[in-house]
1. Rounded to a whole number of µm²/s, how large is the Stokes-Einstein D of the stretch 382-426 at 25 °C and 0.890 mPa s, given Rh as the Kirkwood radius over C-alpha pairs?
2. Under 5 Å between amide H atoms, partner at least 5 residues away or on a different chain: which partners does Tyr399 have, H built in plane at 1.01 Å?
3. Can you tell me how much longer the chain between Glu160 and Arg220 gets when fully stretched, taken as 0.36 nm per residue apart minus their C-alpha distance, in nm with one decimal?
4. Using only the alpha-carbon atoms of the stretch 79-209 as identical scatterers, what base-10 log of I(q)/I(0) does the Debye formula give at q = 0.09, 0.14, 0.16, 0.19 Å⁻¹?
5. For Glu279 and Ile56, FRET efficiency with R0 = 22 Å and r from the beta-carbon atoms, rounded to 0.05?
6. Which translational diffusion coefficient, to the nearest whole µm²/s, is obtained for the stretch 341-492 from the Stokes-Einstein equation, given a Kirkwood hydrodynamic radius over C-alpha pairs, 4 °C and 1.567 mPa s?
7. Given labels modelled 7 Å from the Cα in the Cβ direction, how far is it in nm from Asp97 to Lys467?
8. Sum up the charges of everything whose Cβ sits under 15 Å from the Cβ of Thr480, counting Lys and Arg as +1 and Asp and Glu as -1, but leave Thr480 out.
Amino acid sequence: MGHKKILDEQAYLMNRRSFLSKSSVGIGTAALASLFGPGCMSSPGTDGIAESSRGILDHMHLAPKAKRVIYLFQSGGPSQLELFDYKPTLVKRMGEDLPESIRKGQRLTGMTSGQDSFPLAGSIFKFGQHGQSGAYISEILPYTAKVADEICIVNSMYTEAINHDPAITFFQTGSQQPGRPSIGSWLSYGLGSDNQNLPSFTVLLSRGTGRPQGQPLYSRLWGNGFLHSLHQGVQFRSGKDPVLYLNDPIGVTRESRRSMLDKVAALNDQQLQEFGDPEISSRIAQYEMAYRMQTSVPDVMNIENEPDHIYKMYGPDSTQPGTFAANCLLARRLAEQDVKFIQLYHMGWDHHDNLPGAIAKQAKDVDQASAALIMDLKQRGMLDDTLVIWGGEFGRTNYSQGALTDTNYGRDHHPRCFSIWMAGGGIKPGMVYGQTDEFGYNIVDKPVHVHDFQATMLHLLGIDHEKFTYKYQGRRFRLTDVHGKVVNDILA
C-alpha cells in the first residue's frame with residue numbers, strides 16, 4: 001500500500017508538471033516574470049508594472065481617496081489625558097478616589113488591581129484650543145497645535161486588550177492572537193506594489209527618550225502571517241546597512257550576483273513546476289527584489305541632499321539616523337517612491353510612574369516631526385492621497401498608579417477610551433470626533449472600535465473590509481475579523 005501511494009503521488013505530480021509545461025500562462029511563467037524586467041507581462045497600454053507585482057484585487061471595491069499610508073505608531077500607550085483629552089474635572093478633584101459608579105468594576109491590570117485607592121490625577125500640563133474646531137491640545141505638543149486644522153482627532157477610540165502584546169497585535173493584525181497578517185501585509189497582498197524596486201511594505205523603528213528601556217517590539221508585528229512571505233514588512237535600519245544581508249559579500253561583483261540569481265531562479269522554477277508550492281514563487285520574487293534594492297535602498301535612504309529648510313522643518317533630530325524625526329523624513333521619501341504602507345514605531349510611551357517628565361520627552365521626540373510630515377506632504381501635493389495616522393495601542397487611567405503628588409504620578413493601561421489622530425487621504429480635516437465623560441474614563445459619544453478604525457482605513461484605500469478576505473484552513477479571514485464598520489462621519 002505504501003508503494004502504491006508513492007506511485008499515485010508521483011503520477012499526480014507528473015500530471016501537474018505536464019499541465020504547467022504546456023500552459024502559456026502557468027505559475028512558472030508568472031513567477032519568472034520578475035527575472036526579465038519590469039513590464040514584461042503587462043498588456044499594451046498598461047502602466048508598465050508587471051502582473052507579478054499587482055495585488056489580488058482586480059479592481060477596487062470603492063473609489064479610493066488614499067494611495068498610501070504612513071502609520072506613526074506610538075508604542076506603549078500614550079496618555080490621552082496629557083495630550084488631547086482635556087479634563088478639568090480631574091484637576092479640580094485631584095486626589096479624590098475614582099467613584100465606583102464611573103469605574104463600574106472594570107477589569108484592571110495586576111499593577112493597580114491591588115491598590116487600596118484610585119486617586120484621580122489631573123494633568124499638570126496646560127491645554128489650549130486650536131484651529132477652527134477649537135480642538136484642545138496640550139502645551140507639550142506646540143507643533144501639532146499649529147496643524148490642528150489639518151488633522152482629525154478621535155477621542156473615542158477603544159480596544160479589547162489591556163496588556164501591550166495583545167493590544168499592539170490587535171491594532172496591527174486585527175486579532176489579539178499572534179499569527180495573523182499585519183495591515184501592511186494585507187495591503188501588499190491586495191494592492192500589490194507601484195514600485196518594482198522597493199517593497200510595498202516598509203518598517204522604521206525609533207526609541208523614545210522618555211523611557212529608553214521601554215516595551216520592546218517584535219518582528220511578527222510586521223509579519224505576513226498566513227499570507228505568502230512576499231508580503232512581509234521589510235525593516236529599514238539606521239546605519240550603513242539599512243537592510244540586513246542586502247549587500248554583496250566582498251569579492252562578489254554585480255555580474256556574478258546576476259549570474260547566480262539566474263541559475264538559482266531556474267532551479268527554483270524547476271522545483272515550482274514539480275511541487276506547485278506558491279512559496280517558491282515568493283522566494284524567486286524576493287531574490288529579485290533584493291537585487292534591485294541594492295541600488296534603490298541606498299538612494300532613498302540617503303538624506304544628505306535634503307535642503308536645509310527641510311531639516312529645519314523636521315527639527316534638529318532629523319539629521320540623526322534612527323530618530324523619529326529622521327524616520328519621518330525617510331517616510332516622506334518612501335512615500336514619494338510610491339511605497340504603499342510605511343510603518344513607523346516609536347517606543348517609550350509606557351509611563352506607569354514619573355509620567356510628567358517622561359511624556360514631555362516623548363512628546364518632544366515626535367511633535368515637530370509629525371507636524372512637519374503633514375506640512376511637507378501638503379506642500380508637495382501629496383497629503384490629499386496619503387493617509388497619515390498617529391496613535392498607540394490603548395490609553396491611560398485617570399487615576400494615579402502609585403503615589404500621587406502635585407508634580408508627579410503614573411498611569412496604568414486603559415483600553416476603554418483613548419485618542420488618535422488622522423490626516424490627509426480622505427479624512428475630514430480640522431475635526432474632533434467622539435467624547436468621553438468628565439472623568440475621561442468612559443466614552444459617552446461616538447465610540448470607535450479598533451475594527452472600525454481598520455475598516456475606515458481600508459475604505460479610504462478603496463477596499464470593502466467585508467469583501468477583502470483570504471481563505472486559510474477552511475475559513476475566510478479578514479483584517480477586521482467578523483465585525484467593524486466604516487466611520488463615515490470623519491470622511492471628507
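Since every read-out is calculated from the coordinates, none of them should be taken as a lab result. Just so you know, these numbers come straight off a predicted model, no measurement behind them. Cβ coordinates were reconstructed from backbone atoms using ideal geometry, including for glycine residues, and neighbour counts include every protein chain displayed.
1. On the way: Rh = 12.8 Å.
My calculation gives 191 µm²/s for D.
2. Under 5 Å from the amide H of Tyr399: Ala121.
3. Working: separation 60, 0.36 × 60 = 21.60 nm, distance 2.00 nm.
Extra length available between Glu160 and Arg220 comes to 19.6 nm.
4. So the normalised log intensities are -0.45, -0.98, -1.14, -1.24.
5. Values: r = 16 Å, r/R0 = 0.73.
So the FRET efficiency works out to roughly 0.85.
6. Values: Rh = 17.8 Å.
The calculation lands on 73 µm²/s.
7. 5.6 nm
8. Details: positive: Arg180, Lys467, Arg475, Arg476, Arg478, Lys485; negative: Glu160, Asp452, Asp464, Glu466, Asp481.
That works out to +1.
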